[in-house]
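*Asks:* Submitted below is the structure of interest, expressed as structure tokens.
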Amino acid sequence: APVYGNGGRGRVLRNAVAAGDPVTRTDFQFVHALDDLLGRPTNPRFALAYTITTREVFAGAVENVGDTRVQVFGTLEFTLTDSVSGLPVAQGEVTGNTAYSTTGTQLATLTAEEDAELRLMRMLAESLVTRLYTEPGIPTA
């Protein structure tokens, strides 16, 4: 069935998922991206509990310069709960990764790092939404 068709999960989830309160900058970026994709919850039917973890791996180095590339890996563990019944309807994890360069100035490197973090949170939100559209436990009406 089409995701946004009559009874599709896209319609069921639209403006209906309330994410847990963000605490860190990555949490805020993730929740903002999720709201962009599903809409701000007006009458939440579902509660989303989540945990985000990230780790950096130095992926490139140049002699006498040092590390030149950093790869950032992220994991989002989630549980989507029906607000009425209190029962979980979906749970699991999604992952993503991105990278940034460290060869510019200190300001350029910091900006690239922040941009990579933002891109990663957007990827995790998009992966989560795609997964929720196909979860069998989520009602279609």
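*Asks:* Give me the dipole magnitude in Debye, nearest 20, for the chain about the Cα centre, with unit charges on the beta carbon: positive for Lys and Arg, negative for Asp and Glu.
*Replies:* Details: 11 positive and 16 negative charges, 126 e Å.
It comes to approximately 600 debye.
*Asks:* List, in order, the whole-Hz ³J(HN,Hα) value for each residue of the range 43-58 obtained from phi through the Karplus relation with A = 6.51, B = -1.76, C = 1.60 and θ = phi - 60°; use x for Gly and Pro.
*Replies:* 3J(HN,Hα) across the range 43-58, in whole Hz: 9, x, 9, 10, 10, 10, 9, 8, 9, 10, 10, 10, 8, 10, 10, 6.
*Asks:* Oh, and also: Based on DSSP H runs of at least 4 residues, each adding -39500 (n - 2.57), what is the mean residue ellipticity at 222 nm of the chain after dividing by all its residues, to the nearest 500 deg cm²/dmol? Kindly include the intermediate steps, with their values, before the conclusion.
*Replies:* On the way: 3 runs with 48 residues, N = 141.
Estimated from H runs of four or more residues: -11500 deg cm²/dmol.
*Asks:* Let me ask something else about it. For labels at residue 71 and residue 131 in the simple 7 Å Cα→Cβ model, what's the distance in nm?
*Replies:* Distance between label points: 2.0 nm.
*Asks:* Separate question: Skip the ligands, DNA and RNA, and give the accessible area per residue of the range 24-141 with a 1.4 Å probe, whole Å². Don't skip to the answer; put the middle values down first.
*Replies:* Values: 6660 Å² over 118 residues.
Per residue, the range 24-141 has an accessible area of 56 Å².
*Asks:* Please compute P(r) over all alpha-carbon pairs of the chain, binned at 5 Å starting from zero, and give each bin as a whole-number percent.
*Replies:* In order of increasing distance, the bins hold 2, 10, 18, 20, 16, 11, 8, 6, 5, 3, 1, 0, 0 percent.
*Asks:* Pick from 38, 110, 128: which is most flexible by mean-square fluctuation in a GNM of the chain where alpha carbon atoms under 10 Å apart are linked?
*Replies:* 110
*Asks:* I'd like the orientation of helix 25-38 relative to the chain: the angle between its Cα long axis and the longest Cα principal axis, in ° from 0 to 90, rounded to 10.
*Replies:* 40
*Asks:* Still on this structure: Grab the Cα-Cα distance for residue 14 and residue 79, subtract it from 0.36 nm times how many residues apart they are, and report the gain in nm with one decimal.
*Replies:* Details: separation 65, 0.36 × 65 = 23.40 nm, distance 1.73 nm.
Using 0.36 nm per residue and subtracting the Cα-Cα distance, I get 21.7 nm.
The values are calculated or read from the model by the stated rules, or taken from the named source; none is laboratory data. Everything numeric here is computed off the predicted structure, so don't read it as measured data. Counting neighbours? That spans all protein chains shown, and the Cβs are built from the backbone with ideal geometry, glycine included. We work out accessible area using only protein heavy atoms, side chains counted, and drop any ligands, DNA or RNA first. Shrake-Rupley method; radii C 1.70, N 1.55, O 1.52, S 1.80 Å.
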